[in-house]
1. How are the alpha carbon pair distances in the range A:297-394 distributed across 5 Å bins from zero to the largest one, expressed in percent?
2. For A:E442 and A:V267 in the same chain, what is the full-extension length gain: residue separation times 0.36 nm, less their Cα-Cα distance, in nm?
3. On a full-extension model of 0.36 nm per residue, what is the gain between A:K110 and A:D60, subtracting their alpha-carbon distance, rounded to one decimal in nm?
4. Report the relative contact order of the range A:297-394, percent, no decimals, based on alpha-carbon pairs under 8 angstrom and at least 6 residues apart.
5. Which lysines, on any chain, are close to A:K133 with Cα under 23 Å apart, when same-chain ones fewer than 8 places away are left out?
6. Using Cα pairs closer than 8 Å and at least 6 residues apart in sequence, work out the relative contact order for the range A:2-101, in percent.
7. For chain A, find the longest principal axis of its Cα atoms and tell me its angle to the long axis of helix A:47-58, 0 to 90°, nearest 10.
8. Report, to the nearest 10°, how far helix A:136-149 tilts away from the longest principal axis of the Cα atoms in chain A, using its own Cα long axis and a range of 0 to 90°.
Amino acid sequence: MESIEKEKKSVDKIWSFFASIKLAVVVFTLISLTSIVGTIVEQDAEPEKNIKLLAKFFGDSAPSAFRFLDALGFTNMFHSWWFVTFLFIFAANLIICSLERLPGILKLVKNPIKPLAASGFSSMQIKREVVIKGKTDKVLPLVESAVKKAGYVPAVSNEAEGIQLCAENGRYSRLGVYVTHFSILLIFAGAIIGVFGGFNASLNLLEGTESSVAYLRTGKEIPLGFSIACEDFDVLYYDNSDTPKSFRSRLLIFENGKPVKIDGKEVTEIEVNTPLKYKGITFYQSSYGFSPNKDSEFRLGIMSRDGKKDDVRLKFGGTFTIPGTQVVGKVLDFSPAIGVDKSGKLYTYAEQMHNPAVLIEFSENGKPKYTQWLLKRFPNTWNVADGVIEFKDLWGAQYTGLQVRKDPGVWVVYLGCLVMALGLYAAFFMSHSKIWILIREEKNNTKVFVAATANKNRVSLEGKIDRLIKTVSDKQ
Amino acid sequence: MDSSQFFGISSIAYILAMVTYIAYLVFRNSTVGLVATTITAVGFVSQTLAFFMRGKEFYDLAQLGSILRAIPLTNLYESLVFFVWCIILGYLLIEWKYKNRSFGAFITPIAGMVLAFIDISGMDKNIHPLIPALQSNWLLAHVTMSFLAYAAFAISFATAIMFLAVSSEDEKKWPYITWTVTLGVFVAVLIAMGIDFLVFKVGAHSTESLVKSHLFKASFRNSSLPVVLFSYLSLAGFVFGVWKYGKVLKKIIGSFDISQDMLDDLVYKTIAVGFPVFTLGGLIFGAIWADQAWGKYWSWDPKETWSLITWFVYAFFLHARFLKGWRGDKIAAVSVLGFVSTIFTYLGVNLLLSGLHSYGGGG
Ligand code: HEM
């Protein structure tokens, strides 16, 4: 018996520990203060970066400061066991705190408004008194319609002191706070589902290649269950600038070696804010890179002076003939980002294909004639002496960097967000208001007593009551 | 005329309004008050026009073919200007609702300070086309609502400082110290930035270069130790001065017809508007945008983390008020803390910490 008593006591203790607002304050503070450290110390970065940063505060003892922070988990703190523990304590606090108060609130919400004892009228926050000409049977409908006009549905009852109307609005808005708290838990649950049921991987796909796996940060392979191929990657720029306008990948999905149609199309184009979803896995455009290789292909569109056209694909060092002529072009050189320095010399200013250019040597009957740089982004450089050579692309030299994610919990998180929006709306922009009106005949007139209360926005309720009284007085 | 001229008119109007509101406080002449309101309204209309004109200029430049993507809210400059617009809107609503002009003298200086900050820091005012990550309607809703919330928090902050100034008596007690020190530091930081501008004269081209080569380089971050020491001593001296002579300001406010209850009410009401807007726009829409753009709705990058901290502070504010019945000094102090956190979320992260958010980083 005794041990059961004891057990009960300790359960009670744990319960009241988690139900306390003090704990909430402590956890809020702990999460906030440690998070501040987490925003200063760069997370999940190379040690050197943080040591350099710490040197600003600690000088020579930066390496030991770093080891200290590292040992405590601050270098990857948002995933450290103690930070996650804070979050769980926060959730437990929220659940138990809400459970503790819910019965009282539910009772309040379940019980509709009741007529008020005459003595109650004088103790309400908002109270009014008017005398209306005429008897009750004339005044009652007036009052009733005025109450309805104000947006309330009154219940009429005969009380000892006279006829009473009572009405309320927004009773359920009292639950808004709990809905808000519950939504936090939903978001939390969604995040947990995501952590355990999904993955966050990445995949670099060179143009013209395909893959049936993606890679976790640890390097571990995650099979996709289908394969994905990149047909083309491209960066579009704003006119004459190096500000990118969009990053685009043209992707194909294959199942059992056959291309799959998505929305009726085999090729899906993705951009930064428009990912591709297939079978619960989402592919996001997240980065790109330049990695030329022996299979990379120059794609040119050729037009001779008399309008003959040809499309050619060449490897480095490959040659073509301008149709209808003896002029042969040969790929001599390539720059991913060609620029002109102050002295007029050409140089490569970036490792990425910001401004790709190809150098073509033209010869006729074996004799070199001239060489010319063709810039992909500048059509005016495509004019050569013997025709127009459009530099369409160096294909197979860029890879698209895809973020590959599966998150079965994301819908729970979004649902939580929606619920939170509704809960906050109810908690802040709705109020629970109650109105009581007592009508009592006195000689040939009727005395009307009005009392009202609201848990929020009393001023606006007061205005409503005054308008209601005015409506009745005007009609008398 | 182009948008920058209308922006210019609005800046001058707000600064004039600030002076006029202060004159109104001192002379209590209702004509002066009416003039102050008129000037503010003119500035507001002019800024609204400028906003739409810049939108048009942006639309022509952006080549994205979508009106929604033409909202000029894409870099630090534009966001600060929008912030000013929100504050003035909020103020005009308060003036109209409470039929009281006295706040003008406290809220228009915030607008004036922000505009001064823009010019002093010499930040880039040019229109830049959007980089791909920013081309999202969620981002637009996110940014717009965040600034509305920031403005609401700023007004709450201003009224909280006023409340503390009016209510505090003893200069050795924390309410008095809180408001004088906060006000002192705010103004001193702005002065330091002004000195930077006077010393370097040139404007920075991006927020990053602003931080690296200009910010506080003439004072707290100078290469010479004596200058640094002197700067900190001056800061301390200035704050001490505000502390010492804060009573004068208190007298001015106190002699006016602003009741403590009204201030207390405003401190709460502005947060009651700001908190839900911040939750929905700042946190939820931000998460949805991040999810679309990066494939992660929450990645604990500094901007997100600071938003969460700010959210916690204001959640604490609400609970303290409703559960513990905090009123007056204590709740005003939480509002001050909340706004310090808000400023850090908005500017500190961009200026001092680096992160995923290229937004506002000079892009
Ligand atoms: C950041 C997380 C939280 C948010 C956003 C939040 C939100 C809210 C909101 C908006 C209110 C209504 C305040 C008002 O009426 O103006 C509220 C009330 C309340 N909160 Fe929280 N809350 C959070 C965490 C917590 C935690 C951890 C606890 C538990 C200790 C808690 C306990 C309460 C209680 C008991 C009330 C009053 C309920 C009532 O009036 O019946 N909250 N909360």
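None of the figures in this text is laboratory data; all of them are computed from the coordinates on show. Computed from a predicted structure; not experimentally measured. Note that we place each Cβ from the backbone using ideal geometry, even for glycine, and neighbour counts take in every protein chain shown.
1. 3, 14, 24, 26, 18, 9, 5, 1
2. On the way: separation 175, 0.36 × 175 = 63.00 nm, distance 8.40 nm.
Gain on extension, A:E442 to A:V267, equals 54.6 nm.
3. Working: separation 50, 0.36 × 50 = 18.00 nm, distance 6.61 nm.
Between A:K110 and A:D60, full extension yields 11.4 nm more.
4. Working: 218 pairs, mean separation 27.3, N = 98.
Value for the range A:297-394: 28 percent.
5. Result set, ordered by chain and number: A:K148, A:K149, A:K443, A:K447, A:K464, A:K470, A:K475.
6. Values: 64 pairs, mean separation 39.7, N = 100.
Once normalised by length, the contact order is 40 percent.
7. So the helix axis and the longest Cα principal axis differ by about 60 degrees.
8. 10
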